[in-house]
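These notes are about the structure you will find just below.
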Amino acid sequence: MLIRRKEFLQIGSLATASMMMPKFLKAFESGALVPPGNKVVVVLQLSGGNDGLNTVIPVRNDIYYKLRPGLSIKMDKAATLTDEVSLHPALTTFKNLYDEGNLAILNNVGYPNPDRSHFRSMDIWHSASKSNEYWNTGWIGRYLDAQCSGCDKPTQALEVDDVLSLALKGETANAIAVKDPRRLYGTSNEKFFKQVMKNHGPDHHDEEPVEYLYKTMAQTLSSADYIFKQSRLHPTGATYPNTGLGNGFKTIASLIYSDINTKVYYISLGSFDTHVGQGAQQERLFTQMNDAVKAFTDDLKKNGRMSDVLLFTFSEFGRRVAQNASNGTDHGTANNMFLISGGLKQKGVLNAMPDLADLSDGDLKYNVDFKDVYATILKNWLNADAGKILGGHYNTLGFV
Amino acid sequence: MEISNQLKNQHLIWRAGFGPAVEQLGNLPEYKPEKFYKALVKASAKEPQYINVASDHLIDLYEQRQNAGKRKNLDEMQRREINRMQQAAVRTLNLHWLKEMVTTPAQLREKMAFFWHGHFASRNGNIFYNQLLLHVFRKYGLSDFGTLLKQVSRSASMLYFLNNQQNRKGRPNENFAREVMELFTMGRGNYTEKDVKEAARAFTGWTANGKGEFVFRENFHDNGEKEVLGKTGNFNGDDVLDIILENKQTAKFITQKIYTFFVNDKMDDAIVSRLADQFYNNKYDIAALMETIFTSDWFYDPKNIGVRIKSPVELLAGIQRMIPMKLENDYALFNMQKILGQQLLYPPNVAGWSGGRSWIDSSTLMMRLRIPQMFNDKDELNVAPKQDDDIMMGRKTDGTAAVPAKAQAPKKVYGAVAAKINWSGNISQYEKIKKEQLLDAIKNNLLQVSASKVQEVVSRNIDTSSREAYIKSATVQLMSTPEYQMC
């Protein structure tokens, strides 16, 4: 394998730096870099409860139009996928991805005994617990526990945000949240913190509780360095929309092109909590999502990496079938998910659209457990032990 | 190793309160901890003032909404205004309570209320329900656990949070009954699914009205015979709570939780078992239990000092007690709670905050280390909290739709914290101390763990331009260390 000069220098400088590092940090430094071609997952969280019925639209369903006199989207306005199914008009890129065979839609995803509180339902999706269990670790965090046992930098999963979500907190390892690699570097690089860290020195008794903080601090500083340097290795030259999501996807693309060992990227958009005036709010959010995903997938295709990346969307719940009096919708239950990749084994609309004639108190009934989706991704895409990470056996689906 | 009275008293005030206040510093070496604890108890004995932050305008609109005759006079705008005002009022209540933790001499009372708030964790958008439940924690936090449990179980906040208004004869909702057993009293594994189902039947008809008063709806109540924890009878909700209290497992479970919160998350089984016996035999007297803990020699054992990671609220309150300040942007404190993962009145779920190491990840740790600098106005709050749709319902604080704007430089968005720190207390406390002992003295006041290495770094970075600058920079830097996160 040819080592590019820049990367060679990179490895060289890491080697020098490692001489000054505490013992527990060194283990990773000698580890092999992840070779390109490796599969990664990008999770796009639609916060606030996205209205799935106005996302993937049942354009031939009279009940849909009857229950949403002011909110339903007419067939001629929507982006047609099949005879029965169209997408929200702002999701033109998603239609193109569908036409190319790079998109799959999974309908009626949810879990038993759904909770309608945003926070609680998001907790359930993040932790992958049952709705009567309270777990304080997340499914990606537990994936990280397995990947980063004894490693110095928990960079196998990254959240593009200032604050880390429960989904990325593990039992023994936590992922890193970073909105702008330069800024995490800038913050962590503050002279004082580095001095504190350096002066603390290596080889302390791990049992002392304060050592846990020093260990986290060391991981943060060393991850910050690593992520920053990686992000500058092969920064994407493509143009992305100047939105939070656009910049986030740009960061993710640059890291995918680097040699970083990250397997899961996590980013959020919201708020989709459209109780009032849903039309305009959802459209503005979808426009941002559509433009950012377009830039990202175009970029991946250009660089021949579309088959290495699996991007999926989810929301903590869908919304009620009937609209409310404020041209909005209230909290519901089951919802659809988009799965985007050049490596899909099943494409298009994967299962039946929701049955609007068979509702539970006005809400959709789920028939795909979201934990089956996680299990599929963990097992088939990331080659991980899904049963161990999810704490139980779930079905694997066929989309990857 | 001989432990100084100062360190012991600091240990006590960090655990039984929110850390030493600057004006207490002079007293710390003087008294024995027993005496300090007595003073804490005395200061906390008075019944707390009810906290009301709702404006007359909100109260008026809310009352109209409760009244069937007047409700129709409210238009859509006013209904939305009520919701918005309630959201704002819950934030105000959060900040008001945090301020109380910082300023009140009744430290023990507020610390107990804070503990019970995490134990009986409820999230509710209704400001009036929040105020009522908070008052229960502050008023009954040191009474007996049975009274506290019954007060909480009759609170609108908890009954609604756990869906008991839907718990009716023939159509039970078991949520409330389950959490009472699993999280509030006995803990998992000490009751059966059948106990939950039967207890839920006993709680049918328990609900609350719009004012937040407990209401028993007799026509929804299941009057049949129930079998709960081996006892059979035509039980109502109070009977079930009494049966649960009679079960010694409840005393054990609560004592374990109190020990892990106030003493050490590594439990000493022998001590906990003795405490649980005492708690049970004293009819769940909380004040007596706390006195035993805080006046026992083992509490002051080095293995219990400086081993607890401060919760975000303890950290934020503790800093402000040591360096009193006025914040122009009060909202910054709310955002900091959110970024650090502990917002008063918004626990993550009914199980409360898990605490300990779960407070710490790369973002929260770096934020913790930067906060003293932010208060000192040398650093910007350029970190955005996550949105919370349970509170904001897809809106921004101004009521417009929450859609991200075009990307901007982050610091422009969140701005400086703009705190005006009053350093006079600190400066006068150190007046008599010689310069060469100054850094030691400041460190001893601030840290509960030994920190010779971090002290070296501080000594290199200290601002020696004046005595005042020296005290300020040493304080802020020592607070910006991993060691300061421990208590």
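Observations on the model:
- Length, then width, then depth: along the principal axes, the Cα atoms of region A:241-400 run 52, 42, 26 Å.
- For peptide A:127-140, the mean count of partner chain Cβ atoms within 10 Å of a residue's Cβ comes to 2.
- Under Karplus coefficients 6.51, -1.76 and 1.60, residue-wise ³J(HN,Hα) of region A:100-108 in Hz, glycine/proline x: 7, x, 10, 10, 10, 10, 10, 9, 6
- Look at the dipole of the protein assembly as shown built from charges on Cβ: of B:T232, A:L233, A:L356, the Cα furthest out on the positive end belongs to A:L233.
- Fraction of beta bridges assigned by DSSP in the protein assembly as shown that are antiparallel (%, nearest 5): 60 percent
- Phi angles of region B:321-336 translate, via the Karplus equation with coefficients 6.51, -1.76, 1.60 and θ = phi - 60°, into HN-Hα couplings of 5, 7, 10, x, 8, 10, 9, 6, 10, 3, 4, 4, 5, 5, 5, 5 Hz per residue; Gly and Pro are given as x.
- Maximal additional length on extending the B:E328-B:S465 stretch stands at 46.5 nm, based on 0.36 nm per residue less the C-alpha distance.
- Farthest toward positive dipole pole in region B:393-485 [+1 Lys/Arg, -1 Asp/Glu at C-beta], among B:I421, B:S450, B:S465: B:I421
- For B:W206, residues with placed amide H under 5 Å, excluding near neighbours: B:R217
- Order of B:Y300, A:Y366 under a 10 Å beta carbon neighbour criterion, fewest first: B:Y300, A:Y366
- Amide hydrogen neighbours beyond the local backbone of A:T80, cut-off 5 Å, H modeled: A:L87
- Region A:248-316 shape via C-alpha gyration tensor axes, a/c threshold 1.5: prolate
- Length gained on full extension, B:T397 to B:E218: 60.3 nm, using 0.36 nm per residue less the C-alpha separation.
- Distance in nm between pseudo-label sites at A:T172 and B:Q166 (7 Å out along the Cβ direction from Cα): 4.0 nm
- Order of B:E246, B:E436 under a 10 Å beta carbon neighbour criterion, fewest first: B:E436, B:E246
- Descending semi-axes in Å of chain B, equivalent ellipsoid built from Cα gyration tensor: 41, 31, 18
- Based on every Cα atom in region A:51-131, Rg and the maximum pairwise Cα distance Dmax equal 15.2, 41 Å.
- The translational diffusion coefficient of the protein assembly as shown, from Stokes-Einstein at 4 °C and 1.567 mPa s with a Kirkwood hydrodynamic radius over alpha carbon pairs, comes to 44 µm²/s.
- Among A:P202, A:P235, A:P354, the residue with the largest mean-square fluctuation in a Gaussian network model of chain A, with springs joining Cα atoms closer than 10 Å, is A:P202.
- Across A:K365/B:K231; A:K365/B:K211; A:K130/B:K226; A:K77/A:K379; A:K77/B:K338; B:K226/B:K248, pairs whose alpha-carbon gap is larger than 31 Å: A:K365/B:K231; A:K365/B:K211; A:K77/A:K379; A:K77/B:K338
- Averaging the Cα positions of each part gives two centres, and for region B:264-325 and region B:168-185 these lie 30 Å apart.
- Dipole magnitude for the protein assembly as shown: computed about the Cα centre from +1 point charges on Lys and Arg Cβ and -1 point charges on Asp and Glu Cβ, it is near 1420 debye.
- Distance in nm between pseudo-label sites at A:S326 and B:Y50 (7 Å out along the Cβ direction from Cα): 2.9 nm
- Counting only other chain Cβ atoms within 10 Å of each residue's Cβ, the peptide A:104-113 averages 0.
- Computed from the alpha carbon positions, the gyration tensor of region B:358-487 leads to an equivalent ellipsoid with semi-axes of 36, 17, 13 Å, biggest first.
- Between helix A:278-302 and chain A: long-axis angle, C-alpha atoms, 0 to 90°, nearest 10: 50 degrees
- Per-selection Rg to Rh, region A:138-263 - Cα, Kirkwood hydrodynamic radius: 0.99
- Over all projection directions, the Cα-based convex hull of region B:1-92 averages an area of 9.4 nm².
- Note on A:211-223: average number of Cβ atoms from other chains within 10 Å of each residue's Cβ is 4.
- If you model chain A as an ellipsoid using its alpha carbon gyration tensor, with each semi-axis the square root of five times an eigenvalue, the axes come out at 40, 23, 19 Å, biggest first.
- Rounded tilt (10° steps) of B:107-119 against the dominant C-alpha axis of chain B: 50 degrees
- Taking amide hydrogens as placed 1.01 Å from N in the peptide plane, the amide H of A:T243 sits under 5 Å from those of B:A407, each at least 5 positions away in sequence or on another chain.
- Comparing mean-square fluctuations of A:A78, A:A352, A:A295 from a GNM of chain A with C-alpha springs under 10 Å, the top value falls on A:A352.
- Working note: Karplus 6.51/-1.76/1.60 with θ = phi - 60° gives region B:395-407 the couplings 10, 8, 4, 7, x, 7, 4, 7, 10, x, 6, 4, 4 Hz, where Gly and Pro are set to x.
Readers should treat all values here as calculations from the given coordinates under stated rules, not as data from a laboratory. Computed from a predicted structure; not experimentally measured. Cβ: placed from backbone, ideal geometry, glycine included. Neighbour counts: every protein chain shown.
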